[in-house]
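Report on the following structure.
The values are calculated or read from the model by the stated rules, or taken from the named source; none is laboratory data. All values derive from a computational prediction rather than experimental measurement. Ideal geometry is used to build each Cβ from the backbone, glycine not excepted, and the neighbour counts take in all protein chains shown. Quick note on the areas: whole protein, heavy atoms, side chains included, nothing else; ligands and nucleic acids left out. Shrake-Rupley method; radii C 1.70, N 1.55, O 1.52, S 1.80 Å.
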Amino acid sequence: MSRFLTFPRGGVHPGDMKDLSKDSPIKTLETPAELIISMSQHLGAPAVCQKAKGDRVRKGELIATAASFISANIHSPVSGTITDIRPVTLANSVCCDAVFIKPEPAEDDPTFDTKGYASLSGEELLGIIKDQGLVGLGGATFPVNVKLTVPIGKPVDFLVLNGVECEPYLTADYRLMLEHPRAILDGAMIISKIVNPGSIIIGIEANKMDCVAVLEDEIRKAGYPIKVAPLKMKYPQGDEKQLLKAVTGREIPSGKLPIDIGSIVCNVGTVNAIQQAVAFGKPLFERVVTVTGNCVRNPGNFLAPIGTKIRDLIEAAGGLVEEPDKLISGGPMMGFSFWDLDTPITKGTSGILALKYKGRQQRQTHCLHCGKCVAACPIGLEPTMMYNLITSGDYAGAMAHDLMDCKECGSCSFSCPAQLPLVQTFRLGKKMGRAKK
Amino acid sequence: MIKVSSSPHVHSRQNTQSIMLFVILALCPSAIWGVFVFGLRALVVLAISIASSVAAEYALNLISKEKTLWDLTAVLTGLLIGMNMSPAVPLGIPVLASVFAIAVVKWTFGGVGCNWMNPALGGRVFVFFSFSSAMSRFVLPSALGNADAVSSATTLSFAKTALSSGEFIGQNSLQILQTQLYPVSRFAESLSNSTGINAYTIDAFFGLQGGCIGEVSALLLILGGLFLIATKVITWHIPVVYAASYALLNWVFGGLPYGTGLFSGLVIDPLLRGGFLLGAIFMATDYVTTPVTRKGQVIFACGCGLFTFILRSFGSLAEGVSLAIIIMNIVTPTIDRYVRPKKFGYVKPVKGGAK
Ligand code: SF4
Ligand code: SF4
């Protein structure tokens, strides 16, 4: 095997903590007693609800439609009755309307059988992807059809599948690659038909070498022109910018997209969902969620309908052994902390963490000027300077230090010995900086 | 209580206190060695330095209503000052140095993180210029015999004084030591006979030379440095570049003051003498007063090497490390302003083209 690749600048090595849940196969969650489906499942404008209180819906039925170009359709994961439509607060503190559904399984629920799709054109495939409400499942939840619509005149040299899953604790993508390698590869070929890439590469970090072996084996059997690139472990390698640098050697300039350097990146979970949508006509209404952390009795991976309450997921994982210090939606580096167990999951929820911090909480000190944040920043920013500028109220100065290029990956806060709330400060600084402009 | 706060929700194991603790631990072997070869008097000096530094910090805490004793920076500053004192120093001097370091160098700028000069170095240099003669009296390790112990000079100043008499043109510092019969341990002599390495170099490496309490054993200081690199408290850049640049300059130009011409200077030996390693590993790597970028750190270290070389070879004092580092401390904000990390995805702006 070739030598392991990685990105050269910055990055940190948080303990991966994946052992908690990596050996537990994906379990299908029993249909919960109630689903809360937010209209904001994706990046962009919230979808427009097409149903009213009291309506009956069928499994897989369209309940809300994309509101604009960057938006996505939403489908009901179950058959049932809409009991209410009212605003809820999501884990990322976004507040928006949500449809409350009481599931009532019916005899004639659709089963989603195999469909031939070999004869479909790229455009038709793109249409399916749009209709079925597909968004990126890696966390950014960008509508997939928008991403795969390549502007005319821009060649696609690389299609990169993101199997990095560099956030500690999360194992959803890991289990998917291990259990459904063929679906992922078929999905890759579907995308390939749409965008015509020069080559297809799957990036996987070294803590998942079993996935590398399984996928390489499956590629050989299927005879697909796909390569697997094992990567050195380093956070945030799952970010598009770092992944592309590691795999293709190209850098995305500030404010540009992967397509500007001839690349498209798709998370393996998304690719799997694309395959489900195209080969089975199945809308995106469920996803794999890792439920883990040292407060969870039986950490594991669950295939759960969108809109499942986090309480139900934690219950399915055996409940909590002690009260956590923090509940997190997503990974510990970039995820959102929340407190309400009745918060529903969305298309972007890759994991639920219940963490208890061991040991003494460290106190904050002055910045030591140690430069660890500078060394850790994968973008080449100087967090210590930006922090000083923002805390002294000089937002314009911080912007001049490229504050807007910070992607809030958390590498700097993670390494800061003075325990300064760097990322939090940068969020504030961006808000203030934008407001001032 | 479930807390809601900003990401990230995990943190590396390093914090201000643990880092200071690790640096203190890394200094310990060398400090203990100092006590071992110079006797209990050295221990008294160390203890007094630490105590007065902590007391000064405590007093300033009372005034500023901040609590900073727990972060151990005051202990570290005190320890460094003690290790930079001659074991024979009058006890008032380390007290003065510590108080100066904490109260003037550190706190007038607002406490840890805000000072522009390494407090321990500031304290040391302050007392050095105030009490030059008392600061220049050293004792020899007991293992080297104690003939006229109190007036014994460090090897550096010994060679320097001899050189200025003008009698030794054409000899390097080690040869001067030899002709002037600077004491050497029996162990080094026998090791020298079997390996061909100069006996004075061997003594300096293992820690049998006159000097400050904490600077005599090159071996233990290097071990301390390796410990800090292994535990990721510091990176190798500053110590290695500092040593390399100084060694290189010494090799090329170091022979000039001795009249032996270019490319005749000693390479390794000067690194083992005086406060070089203590400075390069523990003072020049002080976070607060060194640049934040790698590139900046390398420039900083080269500057330290250059000034150390100039001061040691051509200055009137034998010791140049402290001053060299302080000079570079002063330049640090400037380095930080102009040396910026290369930004990810940086593209050269196209001339004349629209953005
Ligand atoms: S959060 Fe921003 S400043 Fe900090 S390391 Fe990530 S990109 Fe750099
Ligand atoms: S890591 Fe923290 S203490 Fe170190 S320079 Fe950056 S902000 Fe300052």
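For the pair B:TYR338/B:VAL240, report the inter-label distance in nm, with labels modelled 7 Å from Cα in the Cβ direction.
2.6
If you plug each phi of region A:379-384 into the Karplus form 6.51 cos²θ - 1.76 cosθ + 1.60 with θ = phi - 60°, what whole-Hz ³J(HN,Hα) values come out, in order, with x for Gly and Pro?
Per-residue couplings from phi come out as 8, x, 8, 10, x, 4 Hz.
Ignoring ligands, DNA and RNA, what percent of the 1.4 Å accessible area of chain A is carbon and sulfur? Please list the in-between numbers first.
On the way: 9090 of 17200 Å².
Reported share for carbon and sulfur atoms: 53 percent.
Need one word for region B:129-259: rounded, prolate or oblate. Basis is the Cα gyration tensor (sqrt eigenvalues a ≥ b ≥ c); a/c below 1.5 gives rounded, then a/b vs b/c decides.
Details: a/c = 1.41, a/b = 1.31, b/c = 1.08.
In terms of gyration-tensor shape, rounded.
Could you compute the FRET efficiency for A:LYS436 and B:ALA51, with r as their C-beta to C-beta distance and R0 at 56 Å, rounded to 0.05?
Values: r = 50 Å, r/R0 = 0.90.
Given R0 = 56 Å and the Cβ-Cβ separation, E is 0.65.
Please work out the average accessible area per residue across chain A, using the 1.4 Å probe convention, and give it in Å².
Numbers: 17200 Å² over 437 residues.
Here the per-residue accessible area is 39 Å².
What residues of region A:415-432 lie in the reach of a label at A:ARG360, counting those whose backbone N is under 18 Å from a point 7 Å from the Cα along Cα→Cβ?
It comes to A:417-420, nothing else.
Label-point separation (nm) for A:PHE4 and B:SER136, each offset 7 Å from Cα along Cα-to-Cβ?
For the pair A:PHE4/B:SER136, the computed spacing is 5.6 nm.
So how do A:250-256, A:10-16 stack up, highest first, on mean other-Cβ count within 10 Å? List each step's numbers first, then the result.
Working: A:250-256: 15.7, A:10-16: 19.7.
Taking the mean over residues of other Cβ atoms within 10 Å, the ranking is A:10-16, A:250-256.
Among the listed pairs A:LYS102/A:LYS430; A:LYS18/A:LYS407; A:LYS407/B:LYS232; A:LYS234/A:LYS358, which are separated by more than 30 Å between their Cα atoms?
Working: A:LYS102/A:LYS430 41 Å; A:LYS18/A:LYS407 24 Å; A:LYS407/B:LYS232 25 Å; A:LYS234/A:LYS358 24 Å.
A:LYS102/A:LYS430, as the Cα separations exceed 30 Å there.
Where does region B:214-326 land on Rg/Rh, using Cα atoms and the Kirkwood Rh?
Details: Rg = 13.7 Å, Rh = 14.1 Å.
Rounded to two decimals, Rg/Rh equals 0.97.
Mind giving me the nanometre distance, one decimal, between the label points for A:GLU123 and A:GLU179, set 7 Å out from Cα along Cα→Cβ?
3.8
Report, by chain and number, residues whose modeled amide H sits under 5 Å from the one on A:SER199, excluding near sequence neighbours (fewer than 5 apart, same chain).
HN-HN under 5 Å from A:SER199: A:PHE158, A:LEU159.
Each residue of region B:303-308 in turn: what ³J(HN,Hα) in whole Hz from Karplus with 6.51, -1.76, 1.60 and θ = phi - 60°, glycine and Pro shown as x?
x, 4, x, 4, 5, 4
Note the full-extension length gain between A:GLU322 and A:ASP113 as 0.36 nm times their separation in residues minus their Cα-Cα distance, in nm to one decimal. Don't skip to the answer; put the middle values down first.
Numbers: separation 209, 0.36 × 209 = 75.24 nm, distance 4.29 nm.
Result for the pair: 70.9 nm of gain on full extension.
I'd like the Karplus ³J(HN,Hα) series for region B:3-15: coefficients 6.51, -1.76, 1.60, θ = phi - 60°, whole numbers in Hz, and an x wherever there's a Gly or Pro.
Per-residue couplings from phi come out as 8, 10, 8, 6, 5, x, 9, 10, 9, 5, 6, 7, 9 Hz.
Considering only A:ARG220, A:ARG311, A:ARG287, give the residue with the highest GNM mean-square fluctuation for chain A, with springs between Cα atoms whenever their separation is below 10 Å.
A:ARG220
For region A:104-216, what relative contact order do you get, as a whole percent, if you take Cα pairs closer than 8 Å and at least 6 residues apart? Display every interim value, and only then the final one.
On the way: 99 pairs, mean separation 33.1, N = 113.
Rounded, it is 29 percent for region A:104-216.
If you count, for every residue in B:230-243, the Cβ atoms of partner chains within 10 Å of its Cβ, what is the mean?
Values: counts 0, 0, 3, 3, 1, 3, 0, 0, 0, 0, 0, 0, 0, 0.
Partner-chain Cβ atoms within 10 Å, mean over residues of B:230-243: 1.
Hey, got the average number of other protein chain Cβ atoms within 10 angstrom for residues in A:8-14? Don't jump to the answer; show the numbers that get you there.
Numbers: counts 1, 4, 2, 0, 3, 2, 4.
Counting other chains' Cβ atoms within 10 Å and averaging over A:8-14 gives 2.
Would you be so kind as to list the residues of region A:392-418 that have their accessible area lowered by at least 40 Å² in the full protein complex compared with their chain by itself (1.4 Å probe)?
A:PHE414, A:PRO417
What is the dipole size for region B:99-213, taken about its Cα centre, with +1 at each Lys and Arg Cβ and -1 at each Asp and Glu Cβ, in debye to the nearest 20? Before the final figure, lay out each step's value.
Details: 5 positive and 4 negative charges, 72 e Å.
Dipole about the Cα centre, nearest 20: 340 debye.
Extent of region A:333-437 along each principal axis, from alpha carbon coordinates, in Å, largest to smallest?
41, 36, 23
Test of the criteria: in region A:91-180, which GluC sites (Glu not before Pro) are in a DSSP loop and have at most 11 other Cβ atoms within 10 angstrom of their Cβ?
Numbers: sites: A:GLU107, A:GLU123, A:GLU124, A:GLU165, A:GLU179; in loops: A:GLU107, A:GLU165.
Hits after loop and neighbour filter: A:GLU107.
Per residue of B:284-292, how many C-beta atoms from partner chains lie within 10 Å of its own C-beta, taken as a mean? All intermediate terms of the calculation are to be shown ahead of the outcome.
On the way: counts 0, 1, 3, 8, 5, 1, 3, 3, 12.
Shielding by partners across B:284-292 averages 4.
Using the Cα centre of region B:254-355 as origin and beta-carbon charges of +1 (Lys, Arg) and -1 (Asp, Glu), tell me which of B:PHE263, B:GLY345, B:THR334 is placed farthest towards the positive end of the dipole.
Farthest along the dipole direction, towards plus: B:GLY345.
Can you work out the FRET efficiency for the pair B:VAL267 and A:LYS256, with r the C-beta to C-beta distance and R0 = 45 Å, to the nearest 0.05?
Numbers: r = 49 Å, r/R0 = 1.10.
Efficiency, rounded to the nearest 0.05: 0.35.
Given H placed on each backbone N at 1.01 Å, which residues far from A:VAL12 in sequence or on other chains put an amide H within less than 5 Å of it?
Long-range HN contacts for A:VAL12: A:TYR235.
Only bridges whose two residues both fall in chain A count here: according to DSSP, what percent of them are antiparallel, nearest 5?
On the way: 36 of 59 bridges.
Expressed as a percentage, antiparallel bridges in chain A total about 60.
Rounded to the nearest 20 Debye, what is the dipole magnitude of region A:331-437 about its Cα centre when Lys and Arg each give +1 and Asp and Glu each give -1 at the C-beta? All intermediate terms of the calculation are to be shown ahead of the outcome.
Working: 13 positive and 7 negative charges, 35 e Å.
The dipole magnitude comes to about 160 debye.
Could you give the dipole magnitude of chain A about its Cα centre, charging the beta-carbon of Lys and Arg +1 and that of Asp and Glu -1, in debye to the nearest 20? Intermediate values should be presented prior to the final figure.
Values: 48 positive and 45 negative charges, 235 e Å.
Magnitude of the dipole: close to 1120 debye.
Run the helix sum for the protein assembly as shown: -39,500 (n - 2.57) per DSSP H stretch of 4+ residues, divided by residue count, reported at 222 nm to the nearest 500 deg cm²/dmol.
Details: 27 runs with 308 residues, N = 792.
Roughly -12000 deg cm²/dmol at 222 nm, from the helical runs in the protein assembly as shown.
Among B:VAL112, B:LEU140, A:GLY238, pick out the residue whose Cα is farthest towards the positive end of the charge dipole of the protein assembly as shown, where Lys and Arg carry +1 and Asp and Glu carry -1 on C-beta, about the Cα centre.
Among B:VAL112, B:LEU140, A:GLY238, the one farthest towards the positive end of the dipole of the protein assembly as shown is B:VAL112.
Choose one answer from A:LEU320, A:LEU231, A:LEU284: the residue with the largest mean-square fluctuation in a GNM of chain A with alpha-carbon springs under 10 Å.
Comparing A:LEU320, A:LEU231, A:LEU284 in the GNM, the peak value goes to A:LEU320.
Could you compute how much accessible area chains B and A hide from each other, both sides summed, with a 1.4 Å probe? Nearest 100 Å² is fine.
Details: alone 17640 and 19280 Å², together 32580 Å².
Summed over both sides, the interface buries about 4300 Å².
Mind running the shape call on chain B? Use the C-alpha gyration tensor, a ≥ b ≥ c as the square roots of the eigenvalues: rounded below 1.5 for a/c, prolate if a/b tops b/c, oblate otherwise.
On the way: a/c = 1.95, a/b = 1.33, b/c = 1.47.
Since a/c reaches 1.5 but b/c is at least a/b, the shape of chain B is classed as oblate.
Show the residues, 5+ positions off or on another chain, whose built amide H is closer than 5 Å to the amide H of A:SER38.
HN-HN under 5 Å from A:SER38: A:VAL99.
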